Amino acid sequence: MGVIDMPAESQIQETGKPIVNDFAFMVATKNGSGSQTSNMALVRALFKMGIPVNGKNLFPSNIKGLPTWYTIRVSKDGYTARRATTEIAIAFNESTAAEDIASLPSGGVCILPQEWNWGHTREDITYYEVPVKDTVKAFDIPTERREQVSNMVYVGVVARLFDIPLELTREALVDQFGGKEKPVTMNYQVIEAAYNWAAENLVKSDRFHFAPMDKTKGKIIITGNEAAALGALFGGVTVVAWYPITPSTSLVDAIIENRHLRTDPDTGKDTVAIMQAEDEIAAAGAIVGAGWAGARAMTATSGPGLSLMAEFAGLAYFAEIPIVIWDVTRMGPSTGLPTRTSQGDILFAYFIGHGDTRQICLLPGSVEECFEFGWHAFDLAEQFQTPVIVLSDLDLGMNNWMAEPFTYPDRPLNRGKVLDKAALEKFIAEKGEWYRYRDYDKDGVGYRTLPGTDHPRAAYFTRGTGHDDRAVYSERSDDWVENMARLHRKFENARGHVPQPVVDYDPSRKIGLISYGSNDPAVCEARDRLAAEGIETNYLRIRALPTTQAVHDFVMNHERVYVIENNFDGQLCQVLRIEVPEDTTHMRSLALGDGLPMTPKWIYENVKRYEDK
Amino acid sequence: MAANRTIGKINALGLTREDYKGGKSTLCPGCGHDSISNQIISVAYDVGLKQENVIKLSGIGCSSKTPAYFLGRSHAFNAIHGRMPSVATGATLANHDLVAIGVSGDGDSGSIGFGQFKHLIRRNVPMVYIIENNGVYGLTKGQFSATADAGQVLKYYGRNELPPIDLALEAIIGGATFVARSFSGHAEQVRSLLKAALAHRGTAVIDIISPCVTFNNTPTSSKSYDYGKAHEIALHEIELIPEGFVPEREEINIQDYEEGQIIEVEMHDGSYIRLKKVGPDHDPRSRVQAMELLEKAGTEQLFLTGLLYYEEPRPTLGETLNLTDTPLAHLPEHKLRPSKEALDKLMQGLM
Ligand SMILES: Cc1ncc(C[n+]2csc(CCOP(=O)(O)OP(=O)(O)O)c2C)c(N)n1
Ligand code: SF4
Ligand SMILES: [Mg+2]
């Protein structure tokens, strides 16, 4: 049993005191039964109580029927990482109930339907059995809605047993249904009935309680994919081409839902084109064509889709075309574990393309950063005339996170070096020439013109390899070597402009942790726990590739550096071995790709295991 | 050079034919593709096409190299094999003011890019889509393409047992609103079809049989010069009559033609295509007739050329998406970034 994930357990056994705002529960249901509405009602109600809360959907690749789990963690200290163990099980799926009950720690709680007549197989936990069918039967609910509404029973029971004000569950439903009266009433009446039934029939005999706090005031709750969509819309995206794939689909769904933000009030017409392509190759081709012609163009995909985009990603790199690709990563190939989270694409994404390519990758670690990188990615893509790949993941993208309200972009759009007719005329007047790939500023970035520029010398011929700096076809080695040298200059130049790492550093500490993306909450919590046991760590969270001097220094300035990531091969660690070639002794890979969001427990145990050696 | 030009030979934009040329071709001498490039140059010069508004797009293949050899003042994008349609789709979405000319091959559009070809047509991306169809993969040295004749024998690849794909028929099935077939040896027809295609709003597909003199020019091949010259059956004489050209229209002595021998196809902008019957009966305004005709051509091995199908254009992709009149690529910042108030309001809603 890990220490970090079980504070409640030890409290139960040792002190018997009430446990307030520091536990987790798991809702086990069948996929497609509509339990998501109930789970979100609980998350929102807890959020409204001011308690830091995080909900995670651990769902199967299936539309209906297979088991699915939703975990909700409340933490008075604001921790949001996934815990390996949950104290309370809402066992609403008969096929997994035995397993769900067995997973509970001693002193845990199980809520399950009365009609199953489930025997009390464990003496060290509390059972609450509730009449799900009878509660719902009392209401006139259309047959097709009945299964979904049944899940409201556990919302009412949880509210009663652990002290959530009934009114807040109602407010949560109002939020969720966008104020639509009918579904709110239909669901709320069941919550209320279950609540009242519990009040009359259940005797509280566990120690778990929710108590109001003020820690969510002024905060928002949102998924990473929705945040990314808003970021793109505020970043001036003009062409979105995509092909549906979990877990990226909800990103484009959110762009579509919020498209009104970009409906021109003067004409009622849209300033963003959204096209569902026939596959990811076409999606990539469309954004390459659009980026070339002057659009801010993006796609959203996941691993299998990124594979199909590989040829275009390489072309865009060499033809120097700005595009933005969101890769919301998941496990392995299509038939693998498509609904399970992973950070398994970072190596592939960084080098995607044939020939010598290294792509700018952004690594958001929070929903705030999903928003920020949502707009910033376009600035970088246009500034460096190159693809920018943003690597989010299923956990960050599809789960709801508390966050500070997003900050409005602090700078105007950076459209990069684009010469319109007047600027081109001036350029030619001053320099006597203009050539597309000539490195006039010695920063590796040439000046481009957009198709349609009304100037007889504006045109140039775009192709991948095989051109000189005048964009003229050339198979000469020296032309190509020169081009590669310039691309290298451009890439080195980009290091200073991509989002810099977030570093917590104290020279007295000898151990460093490096991680990225959605692992952040788990790393932060593990650090606190390690510190409590006297293992002080520094922490650097990488937010982009290529890396900077700061990463280099961080690696070299510690006795040991643990590179923590959610995959099997330690892919970021491999990238860092390339980025910091001098290092042969400091870095250790701590990598686990089990399809689940990283837990503090795992990080804590593994760092400790090495350090205790 | 300038001294060689015939004085007075300039078009409406004050440009010479020379001004419409591109770089020097690197294709095999006599390649059918070069003659198509020449017709593009002539047409652009004749109609006074503004090259700065044109984009040239292509995939990969000998055919796809040709945009480098015409309209040197137009932006061009030599993309990747079979994927020109998606690039064209994105580029025309970004800027619907651009006149897009795509050049592809039978391998590029009929095999690797077959899906993209069909989906571009389905979306009605406004562009002229030229297929330089030689029945082989030229650039990879002479493998069979999907348009090769059934039963044809090639030195290294043996006998082709598979039936050919008819790209014009595929275009019609896919929903193209302008579909033609031509022969690169029939320069005048290529030109008149190009003129009409440029005036069309929507996807205009022209499948041009364009002999590969190096790998597929034996007289028995239906994609050879000899075969084309001997067997081509043109359906009509084709002429694009620009909008407002009324007087000349009345000059035609309709009586000289029997009924049904002249078909005038009206276009969206008031201009029209005049077709004078010279071959078998065919009214290109009927989709069923066009499909029947191509079916017959396939089974009876007839090399029919001309305008095969024309329909009132459906809305283009950009129109379907209700996009602003100002091209997306030209929108100023205040149209691209919603206000701070809009963000604050959204944030309030998420609290
Ligand atoms: C992805 C990919 N696969 C294969 C090739 C190799 N390739 C180049 S051109 C070509 C065939 C071109 O044939 P076609 O489109 O008919 O053009 P042609 O040369 O006959 O004009 C092939 C297979 C490539 N460039 N890219
Ligand atoms: S190989 Fe064939 S298609 Fe290619 S340039 Fe030569 S003749 Fe033309
Ligand atoms: Mg070919």
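The values are calculated or read from the model by the stated rules, or taken from the named source; none is laboratory data. For clarity, every value in this text was computed on a predicted model and none was experimentally measured. A quick note on method: Cβ atoms are made from the backbone with ideal geometry, for glycine too, and the neighbour counts reach across all protein chains shown. We work out accessible area using only protein heavy atoms, side chains counted, and drop any ligands, DNA or RNA first. Shrake-Rupley method; radii C 1.70, N 1.55, O 1.52, S 1.80 Å.
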- Task: Check every one of the helices (runs of 4 or more DSSP H) wholly within the stretch A:511-613 and list those with 1 or more residues that are touching a Ser or Thr at 6+ places or on another chain (Cβ under 6 Å) and touching a residue at least 24 places away in the same chain (Cβ under 8 Å).
- Result: A:520-532, A:571-579
- Among (1) within 14 Å of chain B (Cβ to nearest Cβ); (2) open to solvent by 40 Å² or more (accessible area, probe 1.4 Å); (3) over 39 Å from the mean Cα position of the chain (by Cα), where does residue A:431 come up short? (1)
- Sort out which residues of the stretch B:138-151 are buried (at least 23 other Cβ atoms within 10 Å of the Cβ) and either within 11 Å of ligand 2 (Cβ to nearest atom) or hydroxyl-bearing (Ser, Thr, Tyr) (or both), and write them in order of number. B:138, B:145, B:147
- Task: Report, ordered by the first and then the second residue, all pairs with beta carbons closer than 9 Å, sequence separation of six or more or different chains, a first member in the stretch B:52-79 that is at the interface with chain A (Cβ under 7 Å from one of its Cβ atoms), and a second member that is of a type in the set (D, E, K, R) and within 16 Å of ligand 3 (Cβ to nearest atom).
- Result: B:78/B:65
- Picked from the stretch B:195-227 (must be away from ligand 1 (no atom under 16 Å from the Cβ) and closer than 20 Å to residue B:38 by Cβ), the residue farthest from the other protein chains (Cβ to nearest Cβ) is B:196
- Please find, within the stretch B:324-345, the residue that is least open to solvent (accessible area, probe 1.4 Å) out of those that are over 30 Å from residue B:87 (Cβ atoms) and facing chain A (nearest Cβ under 7 Å). B:343
- Message: Out of everything in the stretch A:405-418 that is more than 9 Å from every other protein chain (Cβ to nearest Cβ), of a type outside the set (S, T, N, Q) and in a loop (DSSP other than H, G, I, E, B), what residue ends up being surrounded by the fewest Cβ atoms within 10 Å (Cβ to Cβ)?
- Response: A:410
- Message: If residue B:321 meets every condition in (1) modelled with pLDDT of 90 or more; (2) more than 14 Å from chain A (Cβ to nearest Cβ) apart from one, which number is that one?
- Response: (2)
- Item | Output for the stretch B:82-107, where each listed residue is open to solvent by 10 Å² or more (accessible area, probe 1.4 Å) and either within 16 Å of ligand 3 (Cβ to nearest atom) or at the interface with another protein chain (Cβ under 7 Å from one of its Cβ atoms) (or both) | B:83, B:97, B:98
- Message: Suppose we filter the stretch B:110-133 for residues that are open to solvent by 10 Å² or more (accessible area, probe 1.4 Å) and within 13 Å of ligand 1 (Cβ to nearest atom); how many remain?
- Response: 3
- Note on the structure: Residue count, the stretch A:311-327, condition of a type in the set (D, E, K, R) and within 24 Å of the chain's Cα centre (by Cα), comes to 1
- Message: Exactly one of these conditions fails for residue B:56: (1) surrounded by fewer than 22 Cβ atoms within 10 Å (Cβ to Cβ); (2) in a strand (DSSP E or B); (3) of a type in the set (Lys, Arg). Give me its number.
- Response: (1)
- How many residues does the stretch A:537-579 hold that are within 21 Å of the chain's Cα centre (by Cα), small (Gly, Ala, Ser) and over 17 Å from residue A:393 (Cα atoms)? 0
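Let's see how each residue does on (1) among the charged types (D, E, K, R); (2) over 16 Å from residue B:210 (Cβ atoms); (3) within 16 Å of ligand 2 (Cβ to nearest atom):
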| position | (1), (2), (3) |
| --- | --- |
| B:54 | no, yes, no |
| B:87 | no, yes, no |
| B:92 | no, yes, no |
| B:98 | no, yes, no |
| B:102 | no, no, no |
| B:106 | yes, no, yes |
- Please list, ordered by first then second residue, the pairs with beta carbon atoms under 6 Å, 6 or more apart or interchain, first in the stretch B:123-143 and closer than 30 Å to residue A:274 by Cβ, second open to solvent by less than 10 Å² (accessible area, probe 1.4 Å) and within 16 Å of ligand 2 (Cβ to nearest atom). B:130/B:103; B:131/B:104; B:131/B:109; B:131/B:207
- When you look at residue A:140, is it closer than 30 Å to residue A:527 by Cα and open to solvent by 60 Å² or more (accessible area, probe 1.4 Å), yes or no? no
- Within the stretch A:49-65, the count of residues that are in contact with a strand residue (DSSP E or B) (Cβ under 7 Å, 6 or more places away or on another chain) and either at negative phi or open to solvent by 50 Å² or more (accessible area, probe 1.4 Å) (or both) comes to 10
- Message: Just to verify a result, which residue in the stretch A:459-475, among those that are in a strand (DSSP E or B) and aromatic (Phe, Trp, Tyr), is surrounded by the most Cβ atoms within 10 Å (Cβ to Cβ)?
- Response: A:461
- Right, residue A:287: open to solvent by 10 Å² or more (accessible area, probe 1.4 Å), of a type in the set (A, V, I, L, M), at the interface with chain B (Cβ under 9 Å from one of its Cβ atoms) and outside any loop (DSSP other than H, G, I, E, B) or not? no
- Note on the structure: Here the residues within the stretch A:290-312 that are within 11 Å of chain B (Cβ to nearest Cβ) and among the small types (Gly, Ala, Ser) are A:290, A:291, A:293, A:294, A:295, A:297, A:310
- Message: Return the residues of the stretch B:94-109 that are more than 8 Å from ligand 1 (Cβ to nearest atom) and part of a helix (DSSP H, G or I); say none if nothing qualifies.
- Response: B:94
- Just give me the residues in the stretch B:111-147 being away from chain A (no Cβ under 14 Å) and touching a helix residue (DSSP H, G or I) at 6+ places or on another chain (Cβ under 6 Å), in sequence order. B:128, B:131, B:132, B:133, B:137, B:138, B:145, B:146, B:147
- Count of the stretch A:217-258 residues which are open to solvent by 10 Å² or more (accessible area, probe 1.4 Å) and either touching a Lys or Arg at 6+ places or on another chain (Cβ under 9 Å) or more than 10 Å from chain B (Cβ to nearest Cβ) (or both): 11
- Query: Can you pull out the residues in the stretch B:178-194 that are over 16 Å from residue B:37 (Cβ atoms), open to solvent by 10 Å² or more (accessible area, probe 1.4 Å) and not in a helix (DSSP H, G or I)?
  - Reply: B:181
- Can you tell which of B:32, B:48 is within 11 Å of ligand 1 (Cβ to nearest atom), out of contact with any helix residue (DSSP H, G or I) (no Cβ under 7 Å at 6 or more places or on another chain) and away from chain A (no Cβ under 14 Å)? B:32
